[in-house]
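Okay, so here's the structure we're looking at.
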Amino acid sequence: MSQLCPSTLDDSAPTQTIELPQTCSSLRSLSRLLVRQLGMLNSACGDLPLSPVQAHALIELDSQELSIKQLALALNIDKSNASRAVSQLCEKGFAKSRNNPRDSRSSLCQLTPQGKRQLTRLNEQQNKMYQEILAQLSLEQIAQLEASLSQYTRAIELANAQQGYEIRSLEEQDNRHIARVIRNVSAEYGLTPDKGYSVADPTLDDLYSVYQGDKAHYWVVDYKGLVMGGVGIAPLPGHSEVCELQKMYFDPKLRGKGFAKRMALQAFEFARRQGFSLCYLETTACLHEAVKLYEKLGFEHLDAPLGNTGHDACEMPMLLKL
């Protein structure tokens with residue numbers, strides 16, 4: 001899927017996105033190879049009478065009863081495949097089902113004693129295989145592998161959560177919509193216009209014009225025509241090598257889907273292409289989720305602000321080396 005491929009903005013055409021085909025192709029190749037080497041395309045798991053899907057179903061049913069819908073969600077497969085896997089496990093005597101007392105239209109599935117014994121054999125087989133794999137790596141490499149796989153699976157989860165949304169350049173007709181998002185989020189956190197926050201900027205209702213400036217850009221998240229958030233980048237006056245991350249605001253319904261990090265990374269790549277070596281921002285302690293994200297992205301706290309942005313109420317200046 002193209003949505004899984006990182007994208008940046010081309011200097012000569014900032015409203016167009018480009019993919020990184022070499023990176024995507026390499027990751028796809030490694031993913032395919034991993035699936036094949038782990039035997040996930042085989043009809044059975046080693047010498048056990050289980051298909052990969054049935055094996056995964058056994059593992060999920062080990063700790064609790066699950067409905068077909070719950071199992072499908074846990075395995076990230078459709079309900080028909082989950083139902084087929086359960087039926088096959090029941091035929092083999094590894095699972096059984098009963099009517100769901102809370103929903104007469106569904107049933108609950110659980111392992112039988114025979115199924116638990118089969119799961120024990122599966123775990124022994126898989127543990128042996130992974131012990132042999134890990135024996136090829138140092139403890140440091142194992143830690144790196146675990147961290148990288150955790151990041152990879154999290155990225156896949158977020159990419160799936162972002163399906164149906166579009167990240168695009170701000171258009172003139174978006175002005176009142178992004179202004180609404182910024183005002184609503186500011187009010188949510190008590191960032192009132194009288195306190196010197198960005199919500200008080202006189203240009204708030206015409207951000208499109210603001211970000212037509214040289215080396216500046218603003219992106220929005222669009223869901224079926226509804227603008228739900230955005231972030232901008234622009235030069236920091238008086239500092240030729242420094243850009244500023246600006247007006248990153250997201251509707252509450254958008255949070256938790258990874259858009260803040262994704263759009264910040266996209267903004268950083270744009271900034272690098274414009275020749276900036278440092279990225280500056282100003283924030284406030286009450287935006288604790290944002291502060292935590294900035295720190296994870298590598299921003300460091302400064303003792304004093306750079307330049308004069310007019311946001312005197314933002315007591316947390318931060319700087320990132322791009």
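What the table below lists for this structure:
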{"read-out": "Angle in degrees between helix 139-161 and the longest Cα principal axis of the chain, rounded to the nearest 10", "value": "80 degrees"}
{"read-out": "Local electrostatic count, Leu158, Cβ distance below 10 Å [Lys/Arg +1, Asp/Glu -1]", "value": "+3"}
{"read-out": "Equivalent-ellipsoid semi-axes of segment 66-190, from the Cα gyration tensor, Å, largest first", "value": "42, 28, 13"}
{"read-out": "Of Lys224/Lys253; Lys79/Lys257; Lys79/Lys128; Lys92/Lys116; Lys261/Lys296; Lys296/Lys321, those spanning more than 20 Å from alpha-carbon to alpha-carbon", "value": "Lys79/Lys257; Lys79/Lys128"}
{"read-out": "Average accessible surface area per residue within segment 237-313, 1.4 Å rolling probe, Å²", "value": "51 Å²"}
{"read-out": "Nearby aspartates and glutamates by direct alpha-carbon distance to Lys96 (threshold 15 angstrom, same-chain neighbours under 8 apart not counted)", "value": "Glu60, Asp62, Glu65"}
{"read-out": "Residues Cys90 and Lys292, FRET efficiency given R0 of 41 Å [Cβ-Cβ distance, rounded to 0.05]", "value": "0.30"}
{"read-out": "Protection proxy ranking of 79-87, 53-61 - average other beta-carbon atoms within 10 Å, highest first", "value": "53-61, 79-87"}
{"read-out": "Surface share of carbon and sulfur [accessible, 1.4 angstrom probe, percent] for the chain", "value": "51 percent"}
{"read-out": "Angstrom value of the Kirkwood radius, inverse mean 1/r, which spans all Cα pairs in segment 185-253", "value": "13.3 Å"}
{"read-out": "Full-extension gain in nm, Gln173 to Ser29, via 0.36 nm per residue minus C-alpha separation", "value": "47.7 nm"}
{"read-out": "Ordering of 137-150, 236-249, 160-173 by packing [mean C-beta count within 10 Å, highest first]", "value": "236-249, 160-173, 137-150"}
{"read-out": "Estimated FRET transfer efficiency when R0 is 35 angstrom, pair Thr153-Ser104 (beta carbons, to 0.05)", "value": "0.45"}
{"read-out": "Gain upon complete extension [Ala285, Leu145; 0.36 nm per residue less C-alpha separation]", "value": "47.0 nm"}
{"read-out": "Accessible area in square angstrom per residue, segment 22-158, 1.4 angstrom probe", "value": "69 Å²"}
{"read-out": "Cα pair count fraction exceeding 37 Å, expressed as % - the chain", "value": "37 percent"}
{"read-out": "For Asp78, net neighbour charge (Lys/Arg +1, Asp/Glu -1) across residues whose Cβ lies under 14 Å away", "value": "+3"}
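The values are calculated or read from the model by the stated rules, or taken from the named source; none is laboratory data. Here the structure is a predicted model, which means the values were calculated and not measured. Every residue, glycine as well, gets a Cβ built from its backbone with ideal geometry; the counts of neighbours run over all protein chains shown. Ligands, DNA and RNA are excluded from the accessible area calculation, which covers all protein heavy atoms including side chains. Shrake-Rupley method; radii C 1.70, N 1.55, O 1.52, S 1.80 Å.
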